Structure formats: structure tokens, C-alpha cells
Amino acid sequence: MASSDPEKLMSKADKLTKLTLTRWSADWRSAAGLYEQAANAFRLAKEYEKAKLAFEKASKAQEMLSSPWDAAKHMESAGAVAKELGNWNEVADFYRRASNLYIECGRSQPASDALAKGARALEETVPDEAVQLYTEACSILEEDGKEQMAFDLYRAAATIYIKLEKYPDAATILLRLGLAADNCKAVNSQCKAYLGAIIVYLYAQDFKQAEKCYNDCSQIDAFLRSDQNRFASKLLSAYTEGDIEEIKRLVQSSTVSNLDHMIIRLARKLPTGDLSALKAYSGKEQEEPLDEDDLT
Amino acid sequence: MSVIDILTRVDAICKKYDKYDIDKQNDSNVSGDDAFARLYGVVEADIEATLQKAEQASKEKNRASAVALNAEIRRTKAKLLEEVPKLQRLAFKKVKGLSSEEFVARNDLVQALPDRIQAIPDGSATAPKASGGWGASASRAEIRFDSDGRFDDEYFQQTEESNKFRQEFEMQKMKQDQGLDMIAEGLDTLKNMAHDMNEELDRQVPLVDEIDTKVDKAASDLKNTNVRLKKTVTQLRSSRNFCIDIILLCIILGIAAYLYK
């Protein structure tokens with residue numbers, strides 16, 4: 001049939017959709033089919049710009065036909081093609097639109113999948129945008145009560161943050177992961193998330209935060225009873241004593257090896273920075289009350 | 001004559017001439033109707049056997065077999081001690097043909113028996129009266145202290161042997177600790193994997209449920225469609241229409257053939 005020139009297909013489809021004197025209503029159905037064929041042909045011919053355009057038009061046609069599912073699928077393909085082209089903001093845009101269309105269908109899982117795909121495409125180049133997409137995907141799943149699926153997304157987002165060296169953000173995401181795990185009673189993932197957060201804080205040399213985090217997490221029953229809790233308390237006490245050897249020994253243990261590998265890498269590089277500074281800090285905290293007593 | 005007949009005849013002859021068998025007469029003479037003498041003989045024989053066993057046990061090198069033998073000896077002693085009261089009762093019975101001196105002698109023998117039985121060494125002999133302070137523990141005859149209370153300087157000195165033994169013990173303990181550490185690590189990994197598998201399966205459960213419902217729906221749709229299709233096809237295939245179709249087809253073919261001929 002019309003497996004010939006995609007250009008011809010495109011022009012034919014365009015003619016079908018343009019409203020002129022002879023044509024009072026656009027024939028979206030056949031136009032959609034033609035657009036799709038043209039787009040595939042362009043993709044095979046590696047003419048990405050035109051393929052992208054064709055996919056976009058196909059998606060619009062499907063929208064007019066009120067089938068958001070197909071529209072979303074075409075949008076995703078358009079996004080993939082845009083990735084080949086390297087138009088990063090277009091990539092994000094396409095994937096977002098695809099996700100919205102999926103939500104229109106009422107299917108949250110594919111929506112978050114679309115965003116995740118977009119995020120993965122953008123990981124290398126525009127990591128901030130990628131993180132945004134990941135968090136949006138996670139919130140979609142959480143709204144729908146499917147937090148189980150969000151674990152991987154959270155972990156990927158945390159990895160990106162760690163790569164960007166934005167440690168507080170990474171720790172925050174890990175805590176959110178812990179919260180999601182709590183909602184679905186995934187105790188093991190929860191404890192691992194909390195331990196990961198503590199390690200990230202320690203790596204960022206934010207001892208106070210790490211302690212605060214540890215105290216917060218200890219209030220959670222499941223964490224309190226876990227191996228990871230014991231490991232965290234041992235680690236923190238080794239830190240307060242400034243015992244480098246002990247810390248090095250602790251991070252070789254198997255509890256750490258069960259965590260995410262980015263976090264393992266951080267842990268093996270502990271202890272960072274100046275332990276004596278930490279000791280001085282914790283020492284200073286104890287001296288201050290004495291000073292106040294002296295004044296009075 | 002068959003073998004069985006020979007045997008029976010031999011038995012009968014032996015019984016008839018038993019009274020001429022001197023050895024047997026001697027034996028039965030000794031213990032004839034006398035229950036006491038019989039029982040006494042048995043007890044004597046047992047005591048002899050036990051004494052022999054005790055000798056063997058004391059010569060025994062292997063500690064395990066020595067212990068086993070001693071245990072046997074103790075059991076036999078206990079049994080013999082039980083027999084003694086019976087013997088005493090029998091001793092008091094008057095038996096015909098027994099002189100009064102023998103009667104008294106019998107009583108003495110019976111009295112002497114318990115002491116003889118106790119005196120058989122069974123490896124648990126303490127020096128009961130000698131160790132004064134531990135008199136109370138004499139009742140637990142199996143536990144004994146070799147030194148009998150002499151705790152002088154030499155006693156607590158570590159000999160070479162005990163040093164070596166202690167070293168070996170420490171080394172073995174270390175090796176065991178290492179092995180246990182490795183096992184612990186492996187178990188840790190296993191535990192982690194098991195937990196993760198658990199969570200993964202929990203994740204899959206609602207998905208599988210969804211698949212289940214969708215497949216059920218699809219299956220019922222298919223069934224419906226099949227039924228309808230069957231109805232339609234049977235309607236189409238009804239014989240009358242079919243025959244009419246065939247006839248008309250033949251007519252057309254006939255006309256075409258005629259036209260082309």
C-alpha cells in the first residue's frame with residue numbers, strides 16, 4: 001500500500017486533516033494511521049526530526065479520536081526520538097505530556113513509567129530535570145497507593161543526588177523512601193533506607209544531622225529492632241570516640257554490603273574529614289552548659 | 001530302626017542306669033533336696049566369676065572397657081546382695097540329715113556373704129573412713145579425689161603437658177571462631193536476599209491479581225463471542241440456503257460453459 005515515500009504519506013495525512021471548502025470535517029482516523037506509518041518510516045530512515053514531528057502529529061490525531069492511550073504511546077515514541085536528537089527540554093516535555101495522557105486513561109503505573117523513562121534519558125545530561133521527573137513519578141504512584149513500585153524510583157533519584165553531591169537532598173529522598181516502605185510494611189527496605197540516610201549525612205560530615213536522623217529513626221519500632229539500628233549506633237559511637245580503625249572495620253561488615261551500591265561506595269570512603277573536629281564539636285556541646293553554670 | 005527310635009532307646013537306657021553315674025551322684029548328693037546348698041553354690045560361683053572380672057578390669061588398659069566391666073561388676077554385686085536374704089531364710093530351715101554344727105556353720109557362711117560381696121573391687125572403692133572431711137561424699141562413691149586432701153605446692157603447678165594442651169585448646173577455639181564468622185557472613189547475605197525476595201513477592205501480588213481479573217474478563221468475552229459466532233454460522237449454514245447456493249452456482253457455471261462452447 002503506501003509503504004513508499006513517507007513524505008507522501010505525510011502530505012496526504014496533512015491534506016486529510018486540513019479543513020478546506022471541500023472538506024468540512026477532518027478525517028482523523030485515517031490521518032492517524034498515515035501519520036504513524038510515516039513516523040515509523042522516518043525512524044527507520046534515521047530522519048529523527050521528521051520522525052519526531054510525525055509522532056507528534058499522530059499523537060494529536062489520536063487525541064482527537066479520544067483515545068488517550070494511543071496518543072500517549074505516540075508521545076512516548078516522540079520523546080525517545082527526541083532523545084536521539086538531543087533536544088533535552090523537548091524530551092522532558094514529551095514525556096510529561098505522555099504521562100498526563102496516561103493519567104487521563106486512569107492508569108497511573110504507565111504514567112510513572114513514562115516519567116521514569118524520561119528521567120533515565122536525561123540522567124546523564126540534565127540531572128536536575130531527571131530528578132524532578134523521578135519525584136513526580138513517585139508522587140503519582142503514591143497518590144495511587146502503589147508505593148511498592150516507587151522504591152526503585154526513589155533509589156534512582158537518590159543515586160543522582162549523590163552523583164551531584166547534593167547530600168542533604170539525597171538523605172531527604174532516602175527518608176521519603178523509608179516513609180513509603182513503612183506504608184507498605186516493607187521493613188527491610190525501610191531500615192536500609194534509614195541507614196543509608198545516616199551514612200550520607202556522615203559522609204557529608206554533618207554529624208549533628210546524622211545524630212538527629214538517628215534519633216528520629218530510633219523512634220520507629222521496626223527500625224529499633226533491626227540489625228541496621230545496631231550497626232548505626234555502633235557507627236555513631238565510633239564516630240564520637242574518633243576511632244578511625246573501628247569505623248573502617250565497621251564499614252567492611254556485611255550490613256553495609258546489603259545496601260545500595262552508591263551508598264556502599266560512600267561508606268567505604270568514611271570516615272571523611274576531620275574526626276577531631278567532630279570530637280571537638282561534641283566536646284564543646286558538653287562544655288557549654290558548664291559555662292552557663294559558671295556565670296550564674 | 002530309625003534314628004528317632006535309637007535316640008529314644010538311648011535316653012531310656014541312660015535314665016535306667018543313671019544311678020550308677022558316680023559324678024552325677026556326687027553333684028546331686030551335695031545339693032540334693034537342699035535348696036540352701038544349691039543356692040549357696042550358685043552364689044559362690046557368681047562371686048568367683050565377679051572376682052575374676054574385677055581382676056581383669058584392674059589389668060585393663062582401655063579406660064572405656066574398664067568402666068564397662070566395673071559397671072557389670074556392680075550390677076552383679078547388687079543382684080547377689082539381693083540373694084543373701086533368701087539364703088538367710090533357707091539357712092534357718094532345718095533339713096534332714098544335717099548336723100547342728102553344720103547348721104551353725106551355714107548361718108555363719110550366710111553372714112559372711114555380704115561382706116565378701118562388698119569386698120569385690122569394682123573400681124569405685126574409696127578410702128571411706130580415712131578421708132574424714134569427705135565422709136559425706138562417700139555416699140556418691142563414683143566421684144573420688146585422687147589426692148586425698150594433699151594440696152601442696154606442686155599440685156597447682158602447670159606441667160608441660162597441660163600447657164601444650166591449653167595452647168592447642170586456644171588455637172582450636174580461634175579456628176572455630178573464624179569458621180563461625182564466615183558462616184555468620186554467609187547467613188547475613190542469605191537473610192538479606194530472603195528479605196528482598198519477600199518484598200519483591202509482596203510487590204507482585206497485586207499485579208498478579210490484576211492479571212487474574214483481566215484474564216477472567218477476556219476469557220468470558222471470548223466465550224460470549226464464540227457462542228454468538230456459532231449461532232451465526234449455523235444460521236448461515238442452514239441446509240436450505242446452502243443447497244440453493246450450490247444449485248444457483250451450478251446454473252451459472254452451466255450458462256457460462258454454454259456461452260463459451
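The values are calculated or read from the model by the stated rules, or taken from the named source; none is laboratory data. Predicted model only: the values in this text are computed from it and were never measured. Positions of Cβ are generated from backbone atoms using ideal geometry, with glycine treated the same way; all protein chains shown enter the neighbour counts. Protein only, heavy atoms only, side chains kept; ligands, DNA and RNA dropped before computing areas. Shrake-Rupley method; radii C 1.70, N 1.55, O 1.52, S 1.80 Å.
So the values come out like this:
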| quantity | calculated |
| --- | --- |
| Failed criterion for B:LYS86 (all others in (1) open to solvent by less than 60 Å² (accessible area, probe 1.4 Å); (2) under 30 Å from B:GLU142 (Cβ atoms); (3) at pLDDT 80 or above hold) | (1) |
| Matching residues, region A:60-84, being open to solvent by 60 Å² or more (accessible area, probe 1.4 Å) and under 25 Å from A:ASP128 (Cβ atoms) | A:LYS83, A:GLU84 |
| B:ARG228 surrounded by 10 or more Cβ atoms within 10 Å (Cβ to Cβ) and under 30 Å from A:ARG107 (Cβ atoms) | yes |
| Condition check for A:ILE140: more than 26 Å from A:PHE94 (Cα to Cα), open to solvent by less than 50 Å² (accessible area, probe 1.4 Å) and not assigned by TED's automatic domain parsing to the domain that holds A:VAL256 | no |
| Residue that is at pLDDT 90 or above and under 30 Å from A:LEU250 (Cβ atoms), where the choices are B:ILE183, B:ILE211, B:ILE252 | B:ILE183 |
| Members of region A:15-59 that are open to solvent by 40 Å² or more (accessible area, probe 1.4 Å), of a type in the set (D, E, K, R) and closer than 24 Å to A:ASP93 by Cα | A:GLU36, A:ARG43, A:LYS46, A:GLU47, A:GLU49, A:LYS50, A:GLU56, A:LYS57 |
| When residues of region A:173-193 are limited to those that are within 14 Å of chain B (Cβ to nearest Cβ) and among the aliphatic types (A, V, I, L, M), the one surrounded by the fewest Cβ atoms within 10 Å (Cβ to Cβ) | A:VAL187 |
| Flag if A:ILE244 is more than 14 Å from chain B (Cβ to nearest Cβ), open to solvent by 50 Å² or more (accessible area, probe 1.4 Å) and hydrophobic (A, V, I, L, M, F, W, C) | yes |
| Filtered residue count, region A:143-162, keeping only those that are open to solvent by 30 Å² or more (accessible area, probe 1.4 Å), more than 14 Å from chain B (Cβ to nearest Cβ) and in contact (Cβ under 8 Å) with a residue 40 or more places away in the chain | 1 |
| Selection within region B:157-197 - within 14 Å of another protein chain (Cβ to nearest Cβ) and open to solvent by less than 80 Å² (accessible area, probe 1.4 Å) | B:ALA184, B:GLY186, B:ASP188, B:THR189, B:ASN192, B:ALA194, B:HIS195, B:ASP196 |
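A quick yes/no check of all residues on (1) over 27 Å from B:GLN204 (Cβ atoms); (2) among the acidic types (Asp, Glu):
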{"position": "A:ASP27", "(1), (2)": "yes, yes"}
{"position": "A:LYS52", "(1), (2)": "yes, no"}
{"position": "A:SER66", "(1), (2)": "yes, no"}
{"position": "A:HIS74", "(1), (2)": "yes, no"}
{"position": "A:LEU85", "(1), (2)": "yes, no"}
{"position": "A:ALA98", "(1), (2)": "no, no"}
{"position": "A:ASP128", "(1), (2)": "yes, yes"}
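For (1) at pLDDT below 85; (2) outside the structural domain of A:ILE173 (by TED's automatic domain parsing); (3) out of contact with any Cys (no Cβ under 7 Å at 6 or more places or on another chain); (4) open to solvent by 30 Å² or more (accessible area, probe 1.4 Å), each residue gets a yes or a no:
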site: A:LEU195; (1), (2), (3), (4): no, no, yes, no
site: A:GLN205; (1), (2), (3), (4): yes, no, yes, yes
site: A:LEU224; (1), (2), (3), (4): yes, no, yes, yes
site: A:ASP227; (1), (2), (3), (4): yes, no, yes, yes
site: A:VAL251; (1), (2), (3), (4): yes, no, yes, no
site: A:LYS269; (1), (2), (3), (4): yes, no, yes, yes
site: A:ALA277; (1), (2), (3), (4): yes, no, yes, yes
